[in-house]
Amino acid sequence: MRNKFIPFSPPWIGEEEINEVVDTLKSDWITTGPKVKKFEEEFCRYFNSPSALALNSCTAALHTALVTLGIGPGDEVITTPMTFCASVNVIEHVGAKPVLVDVESDTLNIDPNKIESAITNKTKAILPVHYSGHPVELDTIYDIAEKYNLYVVEDAAHAIHAKYKGRFIGSSNNPVCFSFYATKNLTTAEGGMLTGDPNFIERARIISLHGMSKDAWKRYSKEGSWYYEVVYPGFKYNMTDIQASIGLWQLNKLENFQRRRREIVNMYNSAFKDIEALRTPIERPEVEHSWHLYVLRLNLEMLRIDRNQFIEELKNRNIGTSVHFIPIHLHPYYRDKYGFKPNDFPVAYENYLKIISLPLYPRMSNEDVYDVIEAVIDVVKKYRR
Ligand SMILES: *Cc1c(COP(=O)(O)O)cnc(C)c1O
């Protein structure tokens, strides 16, 4: 057993990021300015995005997207229970009603075959989440959206570098929201990106910054002017040049990060695939998984302990894990407001009891990976039924 704790997902910040941040701090401009602009441009080039807006979180990107689309009180937005609370909180923020649709049992993504029966004449948008980095069935979801005249806002917090049918997530014209939170595949400590159609992004940019028709950098630079107009009571969601300094280098390193993630996933898969008490995650042939999370599922009938005890056993062996996610309908706010019962979304609920996210980050050494594998196998052997 290893004696040093393996954390679940630490960031990997190098000298390049540090030097770039210092360069920004020593410059005359530390908030939204030239480095944010460069980060947006390089992001667009990398992912083939029509246009991009850097913000201070994915939550900000989701909120801005819904407001820009004009979604509000009286409207309904269809989403998944198997997500982080932010995906659903933003629907509440705009005063709309979240309508949950259960997930598919293999990918744990929203089940496209169950979406149509949840559509009413109030439905305005579908907000799918690319769970763990495995893209949702976008073609089916786009078809439904077209048929019922709905928007599609993608929560791509896990899906940077993921591909659906050969195309990067974020290369489409509908709003797509990325997260650069500390644990995500690309981090700026806190941060996010909203991509989509250039006209939409232009409106979103204004709404994300006080609803002002001109941003501060343009106002305060030499070619700028003091004059601006407030056209909407907007938000304060801008990214700083300090964050963009980190993001620019993380984007440079992303391909290597992703290659290493996949190596680790392959090591996990080959170690666990023949163990009956475990179920390894899948990757459908038409997608490229971004492997933000490695979600292992326990076949509980084969074990004498439950998931929570399994996590404790791993912790005792110095392995840090997590659970993604506690389904939305179990949280008191949503449970009480909408009267949800655990089995209202049975696939999400049953899988919630079985899932464990194992450590997965590019800085993991092979030794770290072997130690995780050894610990998991040890727990299975000890508690096999
Ligand atoms: C991390 C995460 C978010 C929120 O991202 P922030 O950048 O922290 O706002 C939203 N949705 C999902 C699925 C996430 O995992």
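Laid out as a table, the results:
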read-out: Length-normalised contact order of the chain in % [C-alpha pairs under 8 Å, at least 6 apart]; value: 23 percent
read-out: Mean separation of Cα contacts under 8 Å (6+ apart) over length of the stretch 255-383, as relative contact order %; value: 33 percent
read-out: Cα gyration tensor shape for the stretch 263-328, rounded if a/c is under 1.5, else prolate or oblate; value: prolate
read-out: Residue exposure sequence - L330, L66, L138, L53 - by fewest surrounding Cβ within 10 Å; value: L330, L138, L66, L53
read-out: Estimated FRET transfer efficiency when R0 is 30 angstrom, pair C85-E350 (beta carbons, to 0.05); value: 0.90
read-out: Prolate/oblate/rounded label for the chain (Cα gyration tensor, a/c 1.5); value: oblate
read-out: Residues of the stretch 49-72 with amide N under 13 Å of the 7 Å Cα→Cβ point at Y232; value: 61-72
read-out: Residue-by-residue Karplus 3J(HN,Hα) for the stretch 348-359, coefficients 6.51, -1.76, 1.60, Hz, glycine and proline x; value: 4, 5, 4, 6, 3, 6, 10, 8, 9, 8, 7, x
read-out: Prolate/oblate/rounded call for the stretch 273-379, Cα gyration tensor, a/c under 1.5 rounded; value: prolate
read-out: Mean residue ellipticity (222 nm) of the chain, computed from DSSP H runs ≥ 4 via -39,500 (n - 2.57), nearest 500; value: -12000 deg cm²/dmol
read-out: Sorted by Cβ neighbour density within 10 Å, fewest at the top, the residues E20, E263; value: E263, E20
read-out: Spatial separation of Cα centroids for the stretch 150-202 and the stretch 77-145, in angstrom; value: 16 Å
read-out: Order of W291, W226, W12 - criterion: other Cβ atoms within 10 Å of each residue's Cβ, fewest first; value: W226, W12, W291
read-out: Cα-Cα over 21 Å, subset of K315/K381; K4/K273; K97/K122; K26/K222; K253/K273; value: K4/K273; K253/K273
read-out: Residue-span extension gain [Y142 to N308] - 0.36 nm each, minus C-alpha spacing; value: 56.0 nm
read-out: Label-point separation, N256 to N19 (7 Å along Cα→Cβ), nm; value: 1.3 nm
read-out: Ratio of the Cα radius of gyration of the stretch 100-201 to 2.2 N^0.38 Å, where N counts its residues; value: 1.08
read-out: 0 to 90° range, to nearest 10: angle between helix 58-68 axis and the chain longest Cα axis; value: 50 degrees
read-out: Projected label distance in nm at E116 and S221, using a 7 Å step from Cα toward the beta-carbon; value: 5.0 nm
read-out: Estimated distance in nm for a label pair at E92 and D378, the labels positioned 7 Å out from Cα along Cα-to-Cβ; value: 4.1 nm
read-out: Beta bridges by DSSP in the chain, antiparallel share as percent, to the nearest 5; value: 65 percent
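All of the numbers you see were taken from the coordinates with simple rules; none came from a lab. Fair warning: this is a prediction, and the values are worked out from it, not measured in the lab. Counting neighbours? That spans all protein chains shown, and the Cβs are built from the backbone with ideal geometry, glycine included.
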